[in-house]
1. Where does each of Glu98, Glu89, Glu138 land when they are ordered by accessible area, with a 1.4 Å probe and the largest first?
2. Provide the solvent-accessible area of Asp168, counting protein heavy atoms only and rolling a 1.4 Å probe, rounded to the nearest 10 Å².
3. Can you check what the Kirkwood hydrodynamic radius comes to for region 224-308, Cα pairs only, in Å to one decimal?
4. With respect to the cross-link table entries Lys174/Lys264; Lys44/Lys184; Lys218/Lys264; Lys284/Lys446, which display a Cα-Cα separation exceeding 24 Å?
5. Using a 7 Å offset from the Cα along the Cα-to-Cβ direction at both Lys84 and Arg377, what is the distance between the two label points in nm, to one decimal?
6. Where in region 133-156 does the label zone of Leu46 land, with the point 7 angstrom along Cα→C-beta and an amide N cut-off under 20 Å?
7. Let me check something: with ligands and nucleic acids excluded, how do Met222, Met85 order by accessible area (1.4 Å probe), largest to smallest?
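The values are calculated or read from the model by the stated rules, or taken from the named source; none is laboratory data. What you see is a predicted model; the values in this text were computed from it and never measured. Because the Cβ atoms are built from the backbone with ideal geometry, glycine has one as well, and the counts that use them run over all protein chains shown. To get the accessible areas, we keep the full protein, side chains included, count just its heavy atoms, and leave off ligands, DNA and RNA. Shrake-Rupley method; radii C 1.70, N 1.55, O 1.52, S 1.80 Å.
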Amino acid sequence: RRSMVGCLILVYVPLMGIGYALVNYASSNDATKRDAAQSSLRSKNLVRRSFPHGSFFFGRTSHEVSNHKTSMGEKNYWNPIQQKMLDDEEIIVEAEKERCERYGLGYTNETLSRRRRLFLGGLIADESTEVLRAIGTEARDVFHTVSYVEGNADLTSARRRDWKYGLDSENLSKLQQAFGPRTKVSVEYYVSASDDSAEVASSPRDAPQREGNNLRWKMNGMTGDDVAVVADADATFSRDFLRALQTCDLPEFRPGQRTCRDGKVSGLTLAFEGSPTCSGKATKGFHPGAMLGECVDQIGDASSRPPAERESRYAMHGNGGEGNSRSDKEGAIPSAGSNHPLWFAADIRASNAGKAYASNTGSVTGYHFHNFFTTSREIRRKYDGLAREAREAHPDLALGVDCALSTRNGNSSEVVGGRSDNAFPIYYLHEGARAARHLQWQNIAKENDEWLDTAKS
């Protein structure tokens, strides 16, 4: 027995040492990557803001890049319907009134000389060029500013990652062309200080990164009269609703917001699963979301509003109800009659407070391009090698794959039966683009099933 114990010790202790060395190596390797990421950005003389949780490096906007092009080449590809929908910059009073009436709203001012300015913020990581084209086309020349934050670590696993939209990269160039020549597009780079920062540990991993959006909006001159829009990089409001945000009389956008408590505007969002031909049910609320600038952190007057009492700087506030709300301390949310704290971009994204708008015909006001994978390997990476039998646990993926393999149709026929001007996002009103993506998705889904069959045999 003693000899057996001795053997176990001889084997186990070295293994512990190896494990300890591997942990330390991984930690050291992450630190090396973090230092390298910061060093490469510092050499570019970018504006930098540092916090205990990490540092932001603010990239050059598309208007500051000398080789900025006016389009991604789609202008000659657009059909007459797309071109007409995108040629809507001029304010035509009667058309704007009709638009506002569709959402149960009045028109702001018949003498309005300019639209409200919209500032978009979100995070970006591995979105496909296809999705960014669809988002950019829908919002072409609508936004004043588009700010995406790219982090140096994966949001779900915290693994270190290389910049996909690094300075002077082709991906960044394509992104900065996607939203049209009038829009200032930039990527802000976030380098976390450490993965176990006490300030970040009790908060969603994406929350600290989203503050970069607020900081960029301020840098680009956002004021209390402007509107912040927060959306994931695979989602957008419809163009028609974006224009409504600019000209219609939304109660949430009237100046002099007394509380800012219920100031968020959201919509009815339709999710496409892998293909514009495969869609699920439209859902209300959450994101995308919009809010008047005077209620937004870094933009509104902080002296007239109490700071949000949070468990940490990046715990959320703003989900309605009295007292405890998400990660706020008990009693931190003021009552409906008092001033509400200013909102981070992360608060706007996560909150379910405020009103979700839809048109009076029931048509959607937003789109979500979900699971637009470019390879079958991406499916398995996201869903941990998901087997066919496990699809019931992920009905969104099941809908998309079944639709691609013709074992089940999505709700596309129901969508097409609605109003013709937003049955599909503008990019997919081109039959060629719609057919090409669906064929690609069919091939990806088929390849994934073949891989699963081979893996099981």
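1. Numbers: Glu98 110, Glu89 80, Glu138 5 Å².
Listed by decreasing accessible area, they come as Glu98, Glu89, Glu138.
2. Rounded to the nearest 10, the figure is 120 Å².
3. Values: mean 1/r = 0.0700 Å⁻¹.
Result for region 224-308 stands at 14.3 Å.
4. Lys174/Lys264; Lys284/Lys446
5. Reported label-point gap for Lys84 and Arg377 is 4.5 nm.
6. The answer is 145-156, whose backbone nitrogens lie closer than 20 Å to the label point.
7. Numbers: Met222 15, Met85 50 Å².
Putting Met222, Met85 in descending order of accessible area: Met85, Met222.
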